[in-house]
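Take this structure first; my questions come after.
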Amino acid sequence: MGYEYLKILVFEYICGGGFAGQELPASLLAEGGMMLQALVAELKSLPQVDLLVVLDERCRSLILPVELEIAWMDSRQSVLSQLLVLIARCDAVWPVAPETAGILAYIAGMARSRRKTLLLSAPEAVALCGDKWATYQHLSAAGLPLAATRLLSDFQPEFGGPWVLKPRDGVGCQGGRILTGQKASPAFAMNVEHPEQMLVQPYYAGQAVSLSCLFKQGKAWLLCCNQQHIEVVDDSFQLRACLVNVANPLRGFYQKLIAQVALTMPELWGYIGIDLIETADYGPLLLEINPRLTTSYAGIQAATGINVAEQALALIEAEPVLQYTRNCTVTIKIAST
């Protein structure tokens, strides 16, 4: 396994006190809870692993193993300050947090600065993925197939749209919306605060796909292909469900694609989720790289038989051994906002 004993701090931002003193968003809580429960269950099944899990006191209904050490957070506590104390008690840190506002990169840096084993990509890689514009420029230079992207501050449409507007450091569907009519014009950008922090892409019709992967030092392994069911509600995108481990005729192409990503971004490490859109006119186009657990993670073991957390720990000193003991599709439903 590459280790004799590990005490791992598991911190999922939504369920772990990141919203202390604020209302817990229902959909984010549902997604975070599913990922946390799946991660803890996989880690808890491994020998020589002890866990310390950070939990918001409002998340007592989560189904977690009975014999589990929990650090409870209440509305009066700053979870990032508490993490400093908790990190010191552990050998390794597995954070699951949004890239927004640099939160995930900051936590990764906290673990690295205290010389703990970080079960995540290097802080620099996390920061790069958290900036969609920087990621686009970086991958574009390597010739990867990408959704055409530009800053809203430089928006000069060649046609009337529709276009997609999204935050430069957003997560998933959050903050994304469709621009049509008068909004699909340069004049619209003049009325948006901080247009340099917003991105514009053509609205591509097609199937939203995600790839669940493991990365290590310039190498990548494709765990499964997934389909995302996304609805447009009032010109905004809402993820309704993920179909995990869907048969995809482009699987071979995707393995080659993630190998290219790994060579281009060698500091990616551990579980990585990649979002794409499969279009009829342009083929698959890469949208973003998520350097952390994604919602699809919650269904991978049930769909494939692979304990992904075990294989991620194997990356500490070796390469993963992917043995598929089952092959089915698992549906992960997302709560409505």
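Mind listing just one residue for me: the one in the stretch 217-275 that is within 18 Å of the chain's Cα centre (by Cα) and among the acidic types (Asp, Glu) and, of those, nearest to ALA318 (Cα to Cα)?
Top of the filtered list is GLU267.
Just to confirm my filter: which strands (runs of 3 or more DSSP E) fall fully inside the stretch 229-325 and include at least 3 residues that are at pLDDT below 95?
Here the list reads 236-244.
Can you find a residue that is under 20 Å from ALA20 (Cβ atoms), among the basic types (Lys, Arg) and either surrounded by fewer than 17 Cβ atoms within 10 Å (Cβ to Cβ) or in contact with a helix residue (DSSP H, G or I) (Cβ under 6 Å, 6 or more places away or on another chain) (or both) anywhere in the stretch 100-120?
no
Still on this structure, please answer the following. Output the residues belonging to the stretch 288-307 that are farther than 19 Å from TRP94 by Cβ, buried (at least 22 other Cβ atoms within 10 Å of the Cβ) and of a type in the set (A, V, I, L, M, F, W, C).
ALA303
Of all residues being of a type in the set (A, V, I, L, M) and in a loop (DSSP other than H, G, I, E, B) in the stretch 82-134, which is nearest to ALA30 (Cα to Cα)? Just the residue, please.
Filtering first and then ranking leaves ALA97.
Continuing with the same structure: Quick check on my filter: what residues within the stretch 69-79 are modelled with pLDDT under 95 and either outside the structural domain of GLY33 (by TED's automatic domain parsing) or surrounded by fewer than 16 Cβ atoms within 10 Å (Cβ to Cβ) (or both)?
ASP74, SER75, ARG76, SER78
Report, by residue number, each residue of the stretch 1-37 that is at pLDDT 95 or above and either closer than 20 Å to ILE316 by Cβ or not assigned by TED's automatic domain parsing to the domain that holds ARG76 (or both).
Selection gives LEU6, LYS7, ILE8, LEU9, VAL10, PHE11.
Still on this model: Touching a residue at least 24 places away in the same chain (Cβ under 8 Å) and in contact with a Leu (Cβ under 9 Å, 6 or more places away or on another chain): does that describe ALA71?
So ALA71 does not fit the description; no.
Additional query: Give GLU317, GLU310 a once-over and let me know the one that is over 13 Å from CYS213 (Cα atoms), out of contact with any strand residue (DSSP E or B) (no Cβ under 8 Å at 6 or more places or on another chain) and either buried (at least 17 other Cβ atoms within 10 Å of the Cβ) or without any contact (Cβ under 8 Å) to a residue 12 or more places away in the chain (or both).
GLU310
Looking only at residues in the stretch 187-209 that are in contact with a Leu (Cβ under 6 Å, 6 or more places away or on another chain) and of a type outside the set (A, V, I, L, M), which one is modelled with the highest pLDDT?
GLU196
Search the stretch 96-141 for residues being among the polar types (S, T, N, Q) and within 19 Å of CYS213 (Cα to Cα), and hand back the single one that is nearest to the chain's Cα centre (by Cα).
Of the stretch 96-141, the ones among the polar types (S, T, N, Q) are 100, 113, 117, 121, 135, 137, 140.
If we keep only those that are within 19 Å of CYS213 (Cα to Cα) as well, we get 121, 135.
Values: SER121: 12, THR135: 14 Å.
My answer is SER121.
Filter the stretch 48-68 down to residues that are touching a residue at least 24 places away in the same chain (Cβ under 8 Å) and not in a strand (DSSP E or B) and give me whichever is surrounded by the most Cβ atoms within 10 Å (Cβ to Cβ).
Taking the candidates together, the pick is CYS59.
Now for a separate question. Would it be correct to say that GLU42 is in the same structural domain as SER75 (by TED's automatic domain parsing) and crowded, with 17+ Cβ neighbours inside 10 Å?
The answer is yes for GLU42.
The values are calculated or read from the model by the stated rules, or taken from the named source; none is laboratory data. Remember, predicted model here, so these are calculated numbers, not experimental data. When we count neighbours, we look across all protein chains shown, and the Cβ atoms used for this are built from the backbone with ideal geometry, even at glycine.
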